[in-house]
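Trainee: This is the structure, below, for whatever I ask next.
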């Protein structure tokens, strides 16, 4: 697992869209909480949980895409060998998590 301090990168276009989606997901989660409190039909709750998970996966994909298009490309083209090794290690870690 990569644990060293990672470089800070400020918002780049896609962050606004990701934040909007995350606010919407937060609303979905609150709705699921209310459904549970109201003892709604279990399968309706499960459906809403699945929808929230899919929405989170979309945000994750969007952020990863931005990372690949900007940070990874920059570090591989212009970074020193340490930056290049770090970014490759991060990518390997992400893909290992995805296949578990």
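Where a number appears in this text, it was derived from the coordinates with a stated rule and is not lab data. Given the structure is predicted, the values throughout are model-derived calculations rather than measurements. FYI the Cβ positions are ideal-geometry reconstructions off the backbone, even for glycines, and counts take in every protein chain you see.
Trainee: Taking only DSSP H segments of four or more residues, each worth -39500 (n - 2.57), what value at 222 nm results for the chain once the sum is divided by all its residues, to the nearest 500 deg cm²/dmol?
Mentor: Here the helix-only value at 222 nm equals -25000 deg cm²/dmol.
Trainee: So how tilted is helix 81-99 from the main axis of the chain? Cα-based, degrees 0 to 90, rounded to 10.
Mentor: 30 degrees
Trainee: Here is a further query. Please work out, to two decimal places, the log10 of the ratio I(q)/I(0) at q = 0.18 Å⁻¹ from a Debye calculation in which every Cα of the chain carries one identical scatterer.
Mentor: Ignoring solvent entirely, the Cα scatterers give -0.93.
Trainee: At residue 51 and residue 63, where each label point lies 7 Å from the Cα along Cα→Cβ, what is the point-to-point distance in nanometres?
Mentor: 2.3 nm
Trainee: Right, here's the next one. Run the numbers for residue 26 and residue 74: contour at 0.36 nm per residue of separation, minus the present Cα-Cα distance, in nm.
Mentor: Between residue 26 and residue 74, full extension yields 14.0 nm more.
Trainee: For the chain, take the longest principal axis of its alpha carbons; what is the angle in degrees between that and the long axis of helix 14-37, to the nearest 10 within 0 to 90?
Mentor: So the helix axis and the longest Cα principal axis differ by about 30 degrees.
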